[in-house]
Amino acid sequence: MSEVSKVALVTGGSRGIGRAICLKLAAEHGMHVLVNYTSGATAADEVVSIIKENGGSAEVIRFDVADKEAVNAALDAWQTANPDRIIEVIVNNAGITRDGLFMAMSDEDWNAVLNVSLQGFYNITRKLVQPMVRNRHGRIVNVVSVSGVMGNAGQVNYSAAKAAIIGATKALAKEIAKRNVTVNAVAPGFIATDMTKDFDEKEMARMIPMGRFGKPEEVAAAVSFLVSDGAAYITGNVININGGLHC
Ligand code: NAP
């Protein structure tokens, strides 16, 4: 792996969709991947090992995306250790759910979901966008959700967080388009990961035109395209990856 490989940060890169994105960016683009996680060190280490076994380059970077001080400390430490490199690709993927009917929702569940998804997007992107803009090249991809596009009962907190990021994606795309930094979102439907492992796939698949849950790799493929040179003129978009589950 050459020293000039692009650096990509994938938040929540240790499991599920983020894991698939890490593997894809390393394999298809030869990027040096910063695999972020917050509690599952073993899973994150495994992603790095797989990338290295396949001839790629990666390292883990631990922080809670919701904790601005922790984000800044970790990214500053990385930059100090790598003074000549720029994080040119951000994939804001970390997200959690705390489902429940809105009338019974606790402040804790509301805040937890907003803090990881929306505040996490802000903490990471606000920190890294300036060097990208100065560099006149960058790719930001936000992993949102079908819930943020069409709203989902029982997920008012999650739908609000994801819809807010869609708005931010479109607005930020306009602010920095002239500097060749693109900002897009991918909106998965139901994808088979730990997040959906308790769902009854057979039952829920009835409402999905393709009749099945998606695979993490099917989301990673769209992210891989959005960070490629071929997607240079695409910004402010939301790509739905949902097997036809549109509103
Ligand atoms: P997942 O399997 O539960 O994995 C979540 C990942 O995020 C893990 O790597 C986890 O790391 C990390 N993470 C969680 N909280 C974090 C925090 N505060 N700071 C840093 N990392 C954190 O989830 P997934 O299904 O892959 O979902 C990934 C993204 O896709 C999320 O934004 C989710 O909302 C979105 N999405 C998923 C689906 C779906 O059906 N699965 C559908 C639409 C959208 P640790 O293990 O260290 O906590």
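The values are calculated or read from the model by the stated rules, or taken from the named source; none is laboratory data. Being a predicted model, the structure only gives us computed values, none of them experimental. A quick note on method: Cβ atoms are made from the backbone with ideal geometry, for glycine too, and the neighbour counts reach across all protein chains shown.
Restricting segment 79-103 to residues that are among the β-branched types (Val, Ile, Thr) and more than 15 Å from the chain's Cα centre (by Cα), the residue that is modelled with the highest pLDDT is Thr80. Within the set Ser117, Ser159, Ser106, the sole residue that is at pLDDT 95 or above, small (Gly, Ala, Ser), more than 17 Å from Leu9 (Cα to Cα) and surrounded by 17 or more Cβ atoms within 10 Å (Cβ to Cβ) turns out to be Ser159. Per the listing Gly138, Gly154, the residue uniquely touching an Asp or Glu at 6+ places or on another chain (Cβ under 8 Å) and surrounded by fewer than 21 Cβ atoms within 10 Å (Cβ to Cβ) is Gly154. Contact map, segment 107-135: residues that are among the aromatic types (Phe, Trp, Tyr) paired with residues that are part of a helix (DSSP H, G or I), Cβ distance under 6 Å, separation 6+ or inter-chain. Pairs shown: Trp110/Asn157; Phe121/Ile165. Identify all residues within segment 94-111 that are under 22 Å from Val35 (Cα atoms) and among the hydrophobic types (A, V, I, L, M, F, W, C); write none if there are none. Within segment 94-111, Ala94, Ile96 qualify.
For segment 222-236, residues that are surrounded by fewer than 17 Cβ atoms within 10 Å (Cβ to Cβ) and touching a residue at least 40 places away in the same chain (Cβ under 8 Å) total 4. Residues that are within 12 Å of the ligand (Cβ to nearest atom) and buried (at least 19 other Cβ atoms within 10 Å of the Cβ) within segment 179-205 comprise Ala185, Val186, Ala187, Pro188, Gly189, Phe190, Ile191, Thr193, listed in sequence order.
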